[in-house]
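Contents: one structure, followed by commentary.
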Amino acid sequence: MSVPKVYLETTMFSFYYETRLWPSYRIYKAQVRRIFDLMKSGKYEPYTSPYATNEIAREPVPSKRENMEALVKDFEVKLLDVTDEVERLAGLYVQEGAIPPAYGTDAAHIAITAVNGLDFIVSLNFSHIARAWTIERVRRVNVRENYKGIGIYKPAEVLAL
């Protein structure tokens, strides 16, 4: 049986070091840390992209930025290449209304997952990625463009797999 290949969107790195004490944020942080533990144990093969690492590089708090960058290295997260096909597919997601035009990077996170044939993307971005509207429209585009179906999951959903 092959190990599922999972794409980590930027929120997964950010919430690993979340400091806000709101009850839901503490839950998300615990879920994210559990997923990282599962990756370390070999249950999932982790991937990310320059879209995520560029967002991490823009983190204004130096200590948090350095910690998030270290997660990529410490957990041996593989970096995927950005290609013309990734950009084309991301553009289709925006064109089809899956992602608002102002959030093209969110479309790119999903597109790089599909183009590279990963099994799913995990995200705490409930506004533009891990939401039913996006999931359905991405599915339609991927079917039309002959890409396999990918899962778009919240951390709690991944832990329930």
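Derivation of every value follows stated rules applied to the coordinates shown; laboratory data play no part. Predicted model only: the values in this text are computed from it and were never measured. Cβ placement follows ideal geometry from the backbone for every residue including glycine, while neighbour counts extend to all protein chains displayed.
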(Q) So for each of 139-146, 91-98 I average, over its residues, the number of other beta carbons within 10 Å; can you give me the resulting order with the highest mean first? (A) 91-98, 139-146
Q) Out of every Cα pair in region 5-159, what percent are spaced more than 20 Å from each other? A) 46
Q. In percent, what relative contact order does region 5-159 have, based on Cα pairs under 8 Å that are 6 or more apart in sequence?
A. 27
Q: Can you figure out the FRET efficiency of S41 with A132, using R₀ = 45 Å and their beta-carbon distance, to the nearest 0.05?
A: 0.90
Q: Please give every one of the lysines within straight-line cross-link reach of K40, meaning a C-alpha to C-alpha distance under 18 Å, and leave out same-chain neighbours fewer than 8 residues apart.
A: K5, K29, K73, K78
